[in-house]
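Structure record follows, encoded as structure tokens.
The values are calculated or read from the model by the stated rules, or taken from the named source; none is laboratory data. For clarity, every value in this text was computed on a predicted model and none was experimentally measured. Using ideal geometry, Cβ is built from the backbone for each residue, glycine included, and neighbour counts are taken over all protein chains shown. Accessible surface is based on the protein model in full, side chains and every heavy atom, while ligands, DNA and RNA are left aside. Shrake-Rupley method; radii C 1.70, N 1.55, O 1.52, S 1.80 Å.
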Amino acid sequence: QVQLVESGGDLVPPGGSLRLSCAVSGTTIRYSTMAWYRQAPGKQRELVATITSDKITNYEDSVKGRFTISRDNAKNTAYLHLHSLKPEDTAVYYCHFRRTGWDYWGQGTQVTVSS
């Protein structure tokens, strides 16, 4: 059974930083593009960042220069480093990948940016 477990969400003040982790079990992430999405209250889920198996990264415009996506295939884990956080970054952050035609999602981790 494939499981994704996100962690690292927290309440932080504006300008703060966090590191989100997505630990995968039950399959390898080595050949998959890993993605982070987020969903704010009352809004649709949006793609935040992706990293391919070759470690090519891509970011949504509002997080460029502030967020960094990375992966450690040996640990079967993906990360999202969040810096210079803003109140509008408040959301539940979800990890996603696709393998052998199946889509896998984590349960989400809450990031709240507030003073």
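Which pairs have Cβ atoms under 8 Å, sit 6 or more apart or on different chains, and link a residue in segment 2-14 that is charged (D, E, K, R) to one that is in a loop (DSSP other than H, G, I, E, B) and open to solvent by 70 Å² or more (accessible area, probe 1.4 Å)? Qualifying pairs under 8 Å: GLU6/GLN107. Between LEU20, LEU85, the distinction of being modelled with pLDDT of 95 or more, among the aliphatic types (A, V, I, L, M), part of a strand (DSSP E or B) and open to solvent by less than 70 Å² (accessible area, probe 1.4 Å) belongs to LEU20 only.
Filtering segment 1-31 to residues that are within 15 Å of the chain's Cα centre (by Cα) and over 15 Å from GLY106 (Cα atoms) leaves ASP10, SER17, LEU18, ARG19. Looking at (1) in a loop (DSSP other than H, G, I, E, B); (2) free of Cβ contacts under 8 Å to residues at least 12 places away in the same chain; (3) closer than 27 Å to VAL113 by Cα, which is the one condition that is false for ASP54? Unmet for ASP54, out of (1) in a loop (DSSP other than H, G, I, E, B); (2) free of Cβ contacts under 8 Å to residues at least 12 places away in the same chain; (3) closer than 27 Å to VAL113 by Cα: (3). Can you spot a residue in segment 58-76 that is at pLDDT 95 or above, charged (D, E, K, R), more than 17 Å from SER7 (Cα to Cα) and surrounded by 12 or more Cβ atoms within 10 Å (Cβ to Cβ)? So far as segment 58-76 goes, yes, one or more of its residues are at pLDDT 95 or above, charged (D, E, K, R), more than 17 Å from SER7 (Cα to Cα) and surrounded by 12 or more Cβ atoms within 10 Å (Cβ to Cβ).
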